[in-house]
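Taking it in order: structure first as structure tokens, then the write-up.
The values are calculated or read from the model by the stated rules, or taken from the named source; none is laboratory data. From a predicted model like this one, the values you see are computed outputs, not experimental measurements. Heads up, the Cβs are rebuilt from the backbone with ideal geometry, glycines too, and the neighbour counts pull from every protein chain shown.
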Amino acid sequence: MRLSTRIGLTVGVTVPLLVLASGWLLLRLVNHDLHGAEDDHLRARAAAVAPDARALLRASANGRPKAADNRERRLYTAALDVGVRVVGPDGSFSGGPQPDASVPLPARADAPVTVRDGGRSWRALSVPVGTARGPGTLWVFAPNAADQTQLRLVRRRVAWTTLLAAPLSGLLAWGVATGATGPLRRLGRRTAGLDPRTSSARPHHEPTGVTEVDELAATLEKALARYDEQAARTAEALDTARSFSAAASHELRTPLMSMGTNLDILAGHPGLPEPERAEVLADLRGEHARLLNLLVMLRELGRGDLVEAEAFRSVDVSETADAAVAQARRRVPGARITLDAAPGLTVHGWEPGLRLLLDNLVANALAHGRDEAGGASVAVGVRRAGEQVVVTVDDRGPGVPPADRARIFERFQRGAGSSGTGLGLTLVAQQAALHRGTVTVTDGPGRTGSRFEVRLPSTGGTLPVHRDWLIAAAGTNRSQSFPKDAS
């Protein structure tokens, strides 16, 4: 059933019920007003004839029939349109319209009451009119017409109004509802053939002035926008998974082939001399470690591509740097690693990503920043610069040539003699971009070694629209504000 039809039927049923309820209340009010007018008339007549009633009882008590007859005629003349009945110790006198003498009356009726005589009803009022011979009572009666002519007229009008209100109110409500739901029907027609799975077209809603329709259109647009966003994220996730598989298969082929060759040597030469056997086993262990490290790096790169904004919160960079330095000291006890970090430097970020950034920067400095004597000396600093938090990692190694400073952040870029995966610095650049920051490499202090500097905004913001560090082909150039990392 259409909404307009439902509204029409609802109003068509509700309005007659309201009319009936109003009519019932009107009848009660009219009945009360008519009774009030009749009662006032009875009181006025009772006050007018009370002296004649007393005079009649006195004349009757004194045995003066002629005077009693005169008083009785005067009493009936004064009563006008009401009936009177005078009851005294020596008899009763009655005249005018009133109930039959057999109808019992209440002992007293100081206020008007209703007395029924068969199918008729009367309003009755009593007034005491005592004499020297004893007490007497004057009864005044008026036909009760309040529930007759006027009330019958009101009932008929209420009935006719109810009969007319049902169809008229229903049709009027149906017409108004049909006009009001027109924008809703047009919105439904525009969206009926919409399939977000096969088409990127989206309805453009013009304000109609109907609040509910405009709110529904806005909700629909938001739902479609969320659907598009989730569809894009799902597509990115699928691309990331495919790229992960392709990168893993490409990068794992060489170490797996090397491991296979070494295993063939061990299996085909059981009598291999111990020095050569030890060399083959060491090579196997190295390739195995490289495989594990590569898989871990690819996994972290994929996590960075798929992280959602809900995972971001306030992160203390100083505490994160302290934890990264402590772990590096345990892993390389012979290295000299220092930390200079002001307390309470926070950013709105993803804590696992920031920890990954610091771990890889320190690991890179330990691996490639050793001095000529082979010693490792790394200095980590965290400071505030305006609205940014700046992280620096300095080493005492040979440094990075200016021509290679952009290339080292690309995927699988390894220096000469490096045994790493070529993804550590890519992860650093990815996390810097994910946090709307930058990463650069320059000469170290005193033009000795290298300095990696990461600048992160301390306030929150939106995530980058495109996060395809794992999907993008190696060698793809990144913008300066979101440099590509070479994890």
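Computed quantities for the displayed model
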| item | result |
| --- | --- |
| Count - residues of region 79-100 that are in contact with a Ser or Thr (Cβ under 7 Å, 6 or more places away or on another chain) and not in a strand (DSSP E or B) | 1 |
| Subset of region 323-353 that is part of a helix (DSSP H, G or I) and in contact with a strand residue (DSSP E or B) (Cβ under 6 Å, 6 or more places away or on another chain) - its residue that is farthest from residue 378 (Cα to Cα) | 351 |
| Pick from region 382-408, criterion modelled with pLDDT of 85 or more and touching a helix residue (DSSP H, G or I) at 6+ places or on another chain (Cβ under 7 Å), ranking: nearest to residue 360 (Cα to Cα) | 393 |
| Candidate set: region 1-40, residues that are basic (Lys, Arg) and part of a helix (DSSP H, G or I); chosen: the one farthest from residue 142 (Cα to Cα) | 6 |
| Only listed residue being out of contact with any helix residue (DSSP H, G or I) (no Cβ under 6 Å at 6 or more places or on another chain), in a helix (DSSP H, G or I), at pLDDT 90 or above and over 21 Å from residue 424 (Cβ atoms), chosen from 319, 310 | 319 |
| Residue within region 355-373 that is assigned to a loop (DSSP other than H, G, I, E, B), in the same structural domain as residue 439 (by TED's automatic domain parsing), on the phi > 0 side of the Ramachandran plot and not β-branched (Val, Ile, Thr) present | no |
| Check on residue 146, small (Gly, Ala, Ser), surrounded by 14 or more Cβ atoms within 10 Å (Cβ to Cβ), modelled with pLDDT under 75 and not assigned by TED's automatic domain parsing to the domain that holds residue 101 | no |
| All positions within region 9-60 that are over 30 Å from residue 81 (Cα atoms) and of a type in the set (Val, Ile, Thr) | 10, 11, 13, 14, 15, 19 |
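Listed here are the residues, each with its yes/no results for (1) in contact with a Gly (Cβ under 8 Å, 6 or more places away or on another chain); (2) surrounded by fewer than 13 Cβ atoms within 10 Å (Cβ to Cβ); (3) of a type in the set (Val, Ile, Thr); (4) within 24 Å of residue 16 (Cα to Cα).
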site: 87; (1), (2), (3), (4): yes, no, yes, no
site: 103; (1), (2), (3), (4): no, no, yes, no
site: 119; (1), (2), (3), (4): no, yes, no, no
site: 142; (1), (2), (3), (4): yes, no, no, no
site: 158; (1), (2), (3), (4): yes, no, yes, yes
site: 178; (1), (2), (3), (4): no, no, yes, yes
